[in-house]
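Let me begin by presenting the structure, written as structure tokens, before commenting on it.
The values are calculated or read from the model by the stated rules, or taken from the named source; none is laboratory data. The model shown is predicted, which means the values in this text are computed figures rather than measured ones. Don't worry about glycine lacking a Cβ; one is built from the backbone with ideal geometry, like all the others, and counts go over all protein chains shown. Accessible surface areas use protein heavy atoms only, side chains included; no ligands, DNA or RNA. Shrake-Rupley method; radii C 1.70, N 1.55, O 1.52, S 1.80 Å.
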Amino acid sequence: MIGAYARLTRAEFERALRDPDWAHTFVHELWNTELEETPPANEARCHDIDKAWHALDFLLRRLDFPVDIVFGEEEIPGAEEWSYGPPRCLTPEQVRTAADALAATPPGRLVEGVTPEDLARADIYPTIVWERGEDLDYVTAHYEHLVRFFQAAARDGHGMIVWIN
């Protein structure tokens with residue numbers, strides 16, 4: 001299971017909310033195109049945080065992060081399951097709020113006072129990694145890439161679709 005994101009122009013985002021079947025097809029095509037072309041991070045329209053999604057959710061919640069960037073804030077009306085449940089979304093305004101909060105939260109603050117043992121005790125996926133005592137560099141590396149992805153989306157006024165794949 002990986003956390004996945006697609007950033008959409010305002011017009012694409014509005015259409016996705018009206019037509020979730022179109023959104024599924026559009027995002028799937030966008031994802032496949034980017035797998036082949038590998039655009040620079042500041043231009044990428046799709047992003048994944050691999051298996052770090054659950055740890056990032058745990059860490060951001062303990063900081064009272066203002067936007068749920070891991071699972072999205074709102075359901076997409078009428079959307080069916082994409083993988084592990086239906087996709088959710090972040091409006092362009094929520095993306096801006098998240099980007100500002102991410103920029104103000106350095107990776108060290110994100111993991112301050114948290115150990116792999118804490119994540120294992122909290123049953124954070126993938127638990128086996130934390131039970132082995134692996135450090136949190138994996139999570140902070142994905143966090144840093146996610147910060148850049150959100151900053152680019154906010155710069156361009158994009159909304160997002162978020163799902164667990």
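How about the stretch 58-124: which chymotrypsin sites (Phe, Trp or Tyr not before Pro) there are in a DSSP loop, with at most 12 other Cβ atoms within 10 Å of their Cβ? Mind showing how you got there, number by number?
Details: sites: PHE58, PHE71, TRP82, TYR84; in loops: PHE71, TRP82, TYR84.
Passing sites in the stretch 58-124 are TYR84.
Counted residue by residue at 0.36 nm each, then reduced by the alpha carbon distance between them, the extension gain from ASN165 to GLU112 reaches 16.2 nm. If the chain linking GLU131 and ASP100 were pulled fully straight, counting 0.36 nm for each residue of separation and taking away their Cα-Cα distance, it would gain 7.9 nm.
Between the Cα long axis of helix 20-37 and the first principal axis of the chain there is an angle of about 70°, rounded to the nearest 10. Annotation for the stretch 29-90: GluC sites (Glu not before Pro) lying in DSSP loop with at most 15 further Cβ atoms inside 10 Å of their Cβ are GLU43, GLU80, GLU81. Axis angle, to the nearest 10 degrees, between helix 137-155 and the longest C-alpha principal axis of the chain: 30 degrees.
If I fit a long axis through the Cα atoms of helix 53-62 and take the longest principal axis of the Cα atoms of the chain, what angle between them do I get, 0 to 90°, rounded to 10? On a 0 to 90 degree scale, this one is about 70. Rounded to the nearest 20 debye, the dipole magnitude of the stretch 48-165 is 240 debye, with +1 charges on Lys and Arg beta carbons, -1 on Asp and Glu beta carbons, and the Cα centre as origin. Here the extension length gained between ASP19 and ASN42 equals 5.6 nm, from 0.36 nm per residue of separation less the Cα-Cα distance. Highest mean packing comes first when the peptides 89-100, 1-12 are listed by Cβ atoms within 10 Å, giving 89-100, 1-12. Using C-alpha pairs under 8 Å with a sequence gap of at least 6, the mean separation divided by the residue count of the stretch 1-66 gives a relative contact order of 51 percent. Think of a 1.4 Å ball rolled over the protein heavy atoms: the chain then has 49 Å² of accessible area per residue.
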